[in-house]
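What follows draws every value from the coordinates through simple rules; no lab data is involved. Given the structure is predicted, the values throughout are model-derived calculations rather than measurements. FYI the Cβ positions are ideal-geometry reconstructions off the backbone, even for glycines, and counts take in every protein chain you see.
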Amino acid sequence: MKLSAGLAVGPVLALSMLAVTACSGQETAPAIESPSAAVYTTPSVSPSPSLKPAVTVAPLPGSSPGGSPGVAPSASSSPSSSLASSPASSSTPGPTTVPVPSSSAPTKATAKPQAGQSDASKKAFSWYYMKKKDGQVPGFPGEVKQLAANQKAVWVGSGKKVYLTFDTGGPIGESDKLLSILKDNEVKVTFFLVGYNVKQYKDFAKKVSEEGHLIGNHTMTHKDMTKLSDEEVKQELEDFASLIKEVTGKPPAPLFRFPYGAYSMHLLDMVSEMGYTSVFWSTAMRDWEPRAGGAEDPYNDIMNGLHEGNIILMHQGSQENIEALDRIIKDVKKAGYEFASLEELVK
């Protein structure tokens, strides 16, 4: 199994499991179905001006494309940012708000266990992370300790590198402007596309591939995988792979992101057996809804949470994200970080 400060094992630990969603931890991405509620605890100092301190009940967005963070447990009970080579922190502030971009917070899988499979392996989890002091790698869910060597997953890398990812389970937003900014700054990223958007915006998917970005598998319909049968899960991934090959002429990268950040140990086994590494995140935002502070919010969220091996989840449908992107890229580089490809975490 590969651990990128996350669920795999290796110098570049490949598991940086679960955070916000639209695919993401402290911050999350939009979901696509009907909203529900989740409790979040916000830190005394939050990088996101749109998040208010205190314990609140936050509605899960109704149309977000990514994973979904849940309630962050106390830092003392969670493992370090990586199972192997992630830097450790000496001080751990209280838990921070982890926005949940899923239509509903998954609680448990409904599919019946297969022969030889225990009910425990089907238990549904929601990815999250706990933000620490500036520059420190966040804390991650205790479940990462359960990962077996064959369960390939990543949630954080190592060194002065940043891995930028975009989830597109919802609106694709100003896609031409987004690609232009990436091209002008000579930055390659990973797009976790959803099948229904690929069908509707084939030219966009082609351009993403032609310009050298990776396309990861985010399923055909962006459903909560923990609520589907094994056959349905397999169909979701296989249909997406076939569609991307048809549209771009290339298969998707062997990278998968669970919609809403909802997963189980059984699903990690399945996805790994299909040749994919599950990619979680160590920074995400509540960007499935308008940001109170405009483009300053995503800028502050990312710059205030910047850390080594940072896997960032952004939703490209967010207008504020696009407005802040050029400045974010330039200032991340000024801070001494380089933008790297997720491919190096799964080798």
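Quick notes on this structure:
- Straight-distance candidates among the lysines for linking to Lys199, with alpha-carbon spacing under 26 Å and chain neighbours fewer than 8 residues away dropped: Lys177, Lys183, Lys188, Lys207, Lys223, Lys227, Lys234, Lys245, Lys250.
- Computed over the range 118-216, the P(r) tail beyond 22 angstrom holds 50 percent of alpha carbon pairs.
- Between Glu231 and Arg327, the modelled label-to-label distance comes to 5.2 nm, taking each label 7 Å out from Cα in the direction of the beta carbon.
- Cα-only Debye scattering, the range 190-246: base-10 log of I(q)/I(0) at q = 0.12, 0.13, 0.18, 0.24 Å⁻¹: -0.27, -0.31, -0.57, -0.91
- Relative intensity, log₁₀ I(q)/I(0), of the range 211-293 from a Debye sum that treats every alpha carbon as a point, q = 0.13, 0.15, 0.16, 0.25 Å⁻¹: -0.45, -0.59, -0.66, -1.27
- Between amide H atoms placed 1.01 Å from N, distances below 5 Å from Val162 occur with Glu338, Phe339, Ala340, all of them 5 or more places distant or on a separate chain.
- The alpha carbon convex hull volume per residue for the range 247-316 rounds to 139 Å³.
- Semi-axes of the equivalent ellipsoid for the range 181-338, Cα gyration tensor, largest first, Å: 28, 18, 15
- At R0 = 22 Å, FRET efficiency that the Cβ-Cβ distance of Glu343 and Glu186 yields, to 0.05: 0.85
- Förster radius 35 Å - calculated FRET efficiency between Ala335 and Lys250 (Cβ-Cβ, nearest 0.05): 0.60
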